[in-house]
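These notes are about the structure you will find just below.
The values are calculated or read from the model by the stated rules, or taken from the named source; none is laboratory data. Just so you know, these numbers come straight off a predicted model, no measurement behind them. Cβ: placed from backbone, ideal geometry, glycine included. Neighbour counts: every protein chain shown. With ligands, DNA and RNA removed, areas are computed over all heavy atoms of the protein, side chains included. Shrake-Rupley method; radii C 1.70, N 1.55, O 1.52, S 1.80 Å.
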Amino acid sequence: MHRVALVGRHLLNPSLVLHRQISMEPRAAVDRVRQSGLLKTQGLIGGKWTDAYDGKTIEVQNPATGDIITSVSDMGKKETTDAISSAYNTFNSWSKLTASERSKCLRKWYDLMISHQEELALLMTLEQGKPLKEALGEVAYGAGFIEFFAEEAKRIYGDIIPATLADRRLFVLKQPVGVVGAITPWNFPLAMITRKVGPALACGCTVIVKPSEYTPLTALAAAELSLQAGIPPGALNVVVGNASDIGDTLLQSTKVRKITFTGSTAVGKKLLAGSANTVKRVSLELGGNAPCIVFDDADLDVAVKGTLAAKFRNSGQTCVCANRILVQEGIYEKFANAFAKAVQNLEVGNGLLEGIAQGPLINAAALEKVETFIKDATSKGANVILGGKRHSLGMTFYEPTVLGNVNDEMLVSREEVFGPVAPLLRFKTEEDAIRMANDTNAGLAAYVFTTSIPRSWRVTEALEYGLVGVNEGLISTEVAPFGGYKQSGLGREGSKYGIDEYLELKYVCLGNMKEA
Ligand code: NAP
């Protein structure tokens, strides 16, 4: 009765998504997860489920209903210090396993995530609010990083360099950086973790994860499955609680050799500065301000479908969400009408209910931010084509919104709105579109809709962005590199490139090779 449909392998390929979904009550969903043994509420340190040392807890709320799902340990400096010691001690043994041994553990972890796809997805919808179908997709996508890096573990090759002197041999070894601190956001409660932990564990690093306090349950459930998969105690630790106490402890420790972070640009800059004292390796996946450029020669249906997906996934709460929709003047009216019609069909509600396409925003601050941006835009001349107000469901639900006549003076086009608001801006020429698209400090994702192949190349090459979708709004996959230009980040995650972030290069010169 309470079964939900499994989705296919890829989050982002709608053709692989099965559409059967049956509505479920939040209480029944919590019960289902509890019965599976995946409702964990303590931190994980050295393989032991651990309370905060002072017994403090924090409540985890369902943003769709306001109900408290459960409470989790509220940890800080002391627990983080112990998690670091545990990761440090385990590094010695984990990094010395063969690649094949580590690979087998990761593969088992992947299999367990997939066999618990429904429970993980229910947990995610409960604590984060995204529609269940998207949550099922995120589990498949997130688990995909573990599968991919289980395979990559066996392909960490070194090099032999032609020697400059006859009696020498020159080698390059690749070795794990060591203990990694991974800090992750609430908008992808599983995938942002696996994208870091997969490559880190694959090459022999050990990890301390700090998930967002809004979405710790998915992280803890995944950690429980890692233990079941045979990943040894101490290789993966999870501390939940006070962000700056945990973050500062990770930054100050000389045992932690790398910080990997996904989240806001403001916190990313703090972590980058805080890493200077101990000269840690740093990878940052930060905020975006994605332009979505619709040219006069675009296929209207493709452009509407692609823009809808790029804008409204996760209620607009993704770093790659289209934040500015730049529409050429010849197609502007047609596009605005067709797009608004499509947006109107997006059903808003509790993500556990069948047919829901838009869940709530994560919290009241997110809702207020959206309201401020709309007020700013309308006071400067934007017109509300659709939506533009809180949803009658209350809580943090907001009506899917389309704004017309937006310009680059408005907050909605200067900063990430991180909500279900699609601002339309007009442009005249290809040069204008490129200039407007690049006029930001962000450089994560960009989208281009055109039927001209030469134009698609010209524009793609000119865009200062780490990811470009041409005639496609959903582009993330574990097999391709993900990361930003400019202030959107440092480094890349996923793909064969993602593993380099967790490896040191060691040059070895073997000399005195004269003997016969
Ligand atoms: P956030 O406020 O920066 O939080 C991200 C993580 O950092 C959370 O775990 C948070 O903990 C923690 N944190 C906050 N202050 C900290 C501090 N002083 N020291 C150490 N850790 C600290 O970002 P968010 O609101 O969760 O996520 C939204 C942002 O993430 C958006 O800007 C979005 O674009 C970006 N994002 C980027 C990518 C990418 O791949 N580029 C992907 C997803 C999201 P608490 O939550 O417990 O406070």
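Points worth noting:
- Beta-bridge orientation, segment 120-240: approximately 25 percent antiparallel, per DSSP, counting only bridges with both partners inside.
- Among beta bridges that DSSP assigns inside segment 373-516, antiparallel share in %, nearest 5: 40
- Reach of residue 270 by Cα under 14 Å, taken over aspartates and glutamates that are not fewer than 8 positions away in the same chain: 245, 248, 285
- Using 0.36 nm per residue and subtracting the Cα-Cα separation, the extra length available between residue 65 and residue 100 on full extension is 8.1 nm.
- Whole-number percent relative contact order across the chain, with pairs defined as alpha carbons under 8 Å at least 6 apart: 18
- Overall form of segment 184-254 per C-alpha gyration tensor (a/c, 1.5; a/b vs b/c): oblate
- Approximate spin-label separation residue 77-residue 464, in nm, with each point projected 7 Å along Cα-to-Cβ: 4.0
- Accessible area of the chain belonging to carbon and sulfur atoms, whole % at 1.4 Å probe: 53
- With loop membership from DSSP and a limit of 14 other Cβ atoms within 10 Å, the longest segment of the chain without GluC sites (Glu not before Pro) is 1-328.
- 11 Å reach of a label modelled at residue 228, 7 Å along Cα-to-Cβ, counting backbone N of segment 116-158: 116-120
- Seen from residue 409, the other residues with C-beta closer than 13 Å to its C-beta sum to a net charge of -1, counting Lys and Arg as +1 and Asp and Glu as -1.
- Cross-link table 196/311; 78/130; 130/334; 210/305; 77/369; 108/210, entries beyond 28 Å C-alpha to C-alpha: 78/130; 130/334; 210/305; 77/369
- Restricting segment 131-194 to chymotrypsin sites (Phe, Trp or Tyr not before Pro) that sit in a DSSP loop and have at most 15 other Cβ atoms within 10 Å of their own Cβ leaves 157.
- Qualifying trypsin sites (Lys or Arg not before Pro) in segment 427-516, DSSP loop, other Cβ atoms within 10 Å at most 16: 428, 514
- FRET efficiency for the residue 510 to residue 54 pair, using the beta carbon distance and R₀ = 51 Å, is estimated at 0.40.
- DSSP-defined antiparallel bridges as percent of all bridges, the chain, nearest 5: 40
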